[in-house]
Structures are given as structure tokens and as C-alpha cells.
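First the structure, in the form of C-alpha cells, and then the observations on it.
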Amino acid sequence: MAYKIKIDGKETDAEEGATLLDEALKIGIRIPAICKHPGLGPIGSCRMCVVEIKKDDKSRLATSCNHVIREKDTGMEVFTDSERVISKRREVIEKMRSRWPNVKLLKDLAAQCGAGEPGERHPDADLAFNACIHCGICARICDALGHHAISLADRAAEKTGKTPFCEASKDCVGCAACHRNCPTGAIEMNETGSKRTIWNREFDLIPCSSCGRGLITREQAAFLRTSKGFSEAYFDKCDACKRTDVAGTISRISKW
Amino acid sequence: MVVEETAMKNRLNVTPSKCIGCRTCEIACAFSHSVGGTMGKSRVSVANRGGGAFVPMLCLQCGTPACAAACQVGALARNPETGAVEVIQAKCVKCMQCVAACPFGNMHAEPSASGVFKCDLCGGNPKCAMFCPTKTLEYSPVRIPARAAVR
Ligand code: SF4
Ligand code: FES
């Protein structure tokens with residue numbers, strides 16, 4: 001089902017179940033967002049994606065990433081750049097910047113929405129350039145991948161994405177998806193040869209049996225084996241060497 | 001992923017015996033998928049088997065794709081119009097499992113694992129076939145029922 005709504009004056013047929021943020025994007029309106037990742041369910045924690053919703057003469061602010069369109073939304077008017085929205089968005093980013101003044105992502109967003117320099121510094125202010133800003137993307141990715149190895153833990157200055165007690169976790173498979181998706185680069189990963197170190201644990205990358213290049217860890221392969229039935233043979237070679245092999249087979253069996 | 005009925009009208013046929021190893025397909029693909037034609041972005045690669053035998057390697061758009069089976073976030077889906085298995089870039093979390101899972105090596109990783117890419121049949125107008133001088137790669141109408149073609 002689709003319902004007629006208006007976003008910034010543009011009428012659109014919003015699909016039931018879609019989020020306001022996606023619906024806006026569909027008609028070319030970009031709403032700034034931090035904690036939203038299109039592959040994951042929204043959590044609405046950063047509040048950057050705030051919009052103003054007007055319905056039946058009532059107006060309210062709402063986060064657009066987790067506002068799911070339902071029948072009751074028919075006829076609603078959404079504003080992504082009303083005065084109220086702009087001042088709220090600036091407030092949100094200024095508060096975040098008083099906590100993380102040096103994080104580039106926040107600096108850029110502040111410039112984008114015309115926010116001023118943060119006033120008073122937050123008591124737990126983190127001066128690092130790559131710091132955890134609590135968006136929870138790492139933990140949600142880990143959950144989506146079925147590992148549940150990390151979560152946002154602890155309070156105040158100590159709060160970051162981490163494994164339980166910051167110890168090497170037996171649930172972590174070392175895929176490094178958290179590291180590659182962290183919007184501020186706060187998650188460290190080191191790779192030397194076929195060894196990868198992440199979250200205080202060392203992983204072996206399965207070396208390609210012809211060239212030695214590693215793509216995934218032994219633990220990832222084991223997970224795919226038990227959860228999806230992939231046999232060991234799938235992961236014996238890297239993509240380039242597989243192509244060479246398959247080309248060899250094709251040239252053997254086809255007539256020239 | 002199960003083979004769904006597709007509205008696919010054309011199929012990319014490959015006849016390796018016709019290939020002369022000119023790599024025009026690689027260049028066409030690179031230009032079609034990157035600004036300025038970065039060769040590393042080509043989804044097709046021609047393997048030289050020696051003695052004048054060349055085999056262009058590209059995604060088979062499998063009926064039951066291993067890449068999609070290895071993806072845990074639903075970032076690989078079939079485009080019902082072209083029949084191509086496509087990467088939904090926004091959803092990808094870069095775990096590299098699809099690259100490791102494709103039995104034919106046709107899922108590619110960006111440098112330092114910053115993403116993945118594969119053949120998307122150029123959305124229904126594959127440039128490799130368009131520029132292949134010997135018709136090794138040919139995008140031609142499916143003559144057998146679509147269901148059997150993607151198997
Ligand atoms: S990338 Fe590999 S597994 Fe996926 S559809 Fe293409 S050939 Fe099949
Ligand atoms: S993107 Fe909506 S609250 Fe973070």
C-alpha cells in the first residue's frame with residue numbers, strides 16, 4: 001500500500017513500511033543522518049535526521065530514520081528544513097561536538113548545517129580524532145552478521161563499542177566489518193601478512209592455496225560452513241586464482 | 001536465493017573459442033564502471049590459456065548464487081528485469097564473504113576491502129558485448145524459457 005504524503009511541499013506516494021528518511025531520499029531530498037545504515041534496522045539514537053511533521057493542525061519533531069510509514073500518516077506534511085528543524089539539528093550537532101570536538105565527520109556535518117562552534121565543553125569530552133560517537137553501527141552489523149560479539153558498553157567517558165570486558169571474544173570471527181563501517185574510524189584493525197588483529201584477538205586469514213592472498217578468516221569460513229553449509233573447498237583459493245582455474249577447465253572442455 | 005521468474009529478455013552468451021584476447025571487453029567494462037576507465041574496476045577478465053586460447057571470465061548470474069547465500073545482510077539481489085545478481089552497495093557491510101564464496105572468482109573486492117563489485121550486465125546493455133569485435137560476448141535474446149536460462 002502507498003499513502004499520499006508531502007515532503008517539503010513535494011507530494012509523494014509513500015510505501016507502507018518505508019521510513020521517512022528513505023521516502024525523502026526517493027524524491028531527492030537528503031536528510032543528514034549518522035546512526036542510520038541502509039543495511040540495518042534504524043535505532044534513532046543520533047537525532048541528526050530530525051524532521052517536523054504536521055498533521056491535523058498539530059506539529060511535532062520526529063526522527064525520520066525510524067518513522068515508519070503507516071496508513072495513519074496519510075496526508076501528513078513533512079518539513080526537512082523548517083526553522084524548527086534547522087535549530088534542532090544545529091543543537092544536536094553542537095551537543096555532539098562539545099563531546100567530540102575533533103571528530104571530522106561531526107565537523108563536516110556541523111559545517112553542512114551551519115552549526116556554530118560548540119560552546120561549553122562536555123565534562124567527558126573526548127579529544128581524539130577517531131572516537132566512538134555511540135552510533136552503534138558496529139554492534140548492529142555484528143548482530144546482523146549473527147555474531148553478537150560487540151556492543152555499546154559502559155557509561156560516560158568509558159562508553160564505546162567493545163567486546164565484553166574488552167577481552168578477546170570467542171564470538172568474534174574477525175571479519176572486520178565493524179572496522180570498515182565505523183563512520184569515524186574508531187575501531188582499530190591491523191593486518192600483517194595472513195594475520196589480522198582486531199578486538200584484542202589474532203585471526204588467521206585463509207591463504208589462497210596458489211598465491212597466498214587471504215580474503216576471510218578461518219572463523220568466518222567455519223561460520224559459513226555451519227550456518228550456510230559451505231564446504232571448505234569454496235575458500236581454498238582467492239577470486240583471481242579461481243578465475244584462472246575455471247578458465248583452464250573451460251578451455252579444456254570447449255572445442256576450439 | 002531461489003530462482004524467481006524473471007522478465008529477462010536477453011542473455012549474455014560467451015563463446016570462448018572466438019576470443020582473440022584483445023581485452024576490449026575489459027576496457028569497455030572499466031569505462032562503463034569507473035570515471036576514466038580504471039582497469040581494476042573491470043568486472044570481466046580475459047584469461048590467457050596459452051596457444052591462442054583465451055577465456056573471458058565474468059559473472060554467470062547463477063540460478064542459486066553462492067555470493068548471495070554467503071551474504072547475511074541481503075546486499076545481493078537479482079534484478080528481475082535483467083536477471084543480473086546485483087550488489088546493493090548501500091546495504092553492503094564489507095565482510096568479504098561473497099568474494100570468498102563465489103566458486104568462479106567473479107565477485108571482486110575493492111583495494112583494502114573497502115567494498116565489493118560484480119557484473120551487473122550494465123543494467124541491460126552490457127558494454128563488453130557491445131564492443132567485442134569477434135562476438136565472443138553476445139547479448140542476445142533468450143530463446144529458451146527464462147526459467148531454464150538462469151539455472
Ligand atoms: S558472483 Fe559468482 S556466485 Fe554470484 S552469481 Fe556471479 S558467478 Fe554466481
Ligand atoms: S539517523 Fe535517525 S536518529 Fe540517527
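The values are calculated or read from the model by the stated rules, or taken from the named source; none is laboratory data. Because the structure is predicted, anything quoted here is derived from the model rather than measured. Glycine gets a Cβ as well: all are built from the backbone with ideal geometry, and neighbour counts include every protein chain shown. Heads up: the accessible areas ignore ligands, DNA and RNA and are worked out on the full protein's heavy atoms, side chains in. Shrake-Rupley method; radii C 1.70, N 1.55, O 1.52, S 1.80 Å.
Confirm whether A:S82 is surrounded by 16 or more Cβ atoms within 10 Å (Cβ to Cβ) and more than 16 Å from ligand 2 (Cβ to nearest atom).
For A:S82, the condition - surrounded by 16 or more Cβ atoms within 10 Å (Cβ to Cβ) and more than 16 Å from ligand 2 (Cβ to nearest atom) - is met.
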For this session: At least 1 residues that are of a type in the set (A, V, I, L, M, F, W, C) in each: list the strands (runs of 3 or more DSSP E) lying fully within the range A:150-256 that qualify.
Result: A:151-153, A:189-192, A:195-198, A:201-207, A:214-217
Exercise. Among B:A53, B:A101, B:A75, B:A84, which is the only one that is within 14 Å of the chain's Cα centre (by Cα) and more than 16 Å from ligand 2 (Cβ to nearest atom)?
Worked result: B:A84
Exercise. When you look at A:S87, is it touching a His at 6+ places or on another chain (Cβ under 7 Å) and away from ligand 2 (no atom under 15 Å from the Cβ), yes or no?
Worked result: no
Seminar exercise, completed: Taking the range B:80-124 and keeping residues surrounded by fewer than 22 Cβ atoms within 10 Å (Cβ to Cβ), at negative phi and of a type in the set (S, T, N, Q) leaves B:Q89, B:S114
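Scan the range B:91-130 residue by residue and report those that are within 12 Å of another protein chain (Cβ to nearest Cβ) and basic (K, R).
Of the range B:91-130, the ones within 12 Å of another protein chain (Cβ to nearest Cβ) are B:91-110, B:112-118.
Passing the criteria: B:K91, B:K94, B:K118.
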For this session: Please find, within the range B:20-36, the residue that is modelled with the lowest pLDDT out of those that are part of a loop (DSSP other than H, G, I, E, B) and under 17 Å from the mean Cα position of the chain (by Cα).
Result: B:S34
Exercise. Identify, please: which residue in the range A:15-42 is within 15 Å of the chain's Cα centre (by Cα) and away from chain B (no Cβ under 14 Å) and is, among those, farthest from ligand 2 (Cβ to nearest atom)?
Worked result: A:P32
For this session: Go through (1) open to solvent by less than 60 Å² (accessible area, probe 1.4 Å); (2) free of Cβ contacts under 8 Å to residues at least 40 places away in the same chain; (3) of a type outside the set (G, A, S) one by one and return the number of the condition A:C135 breaks.
Result: (2)
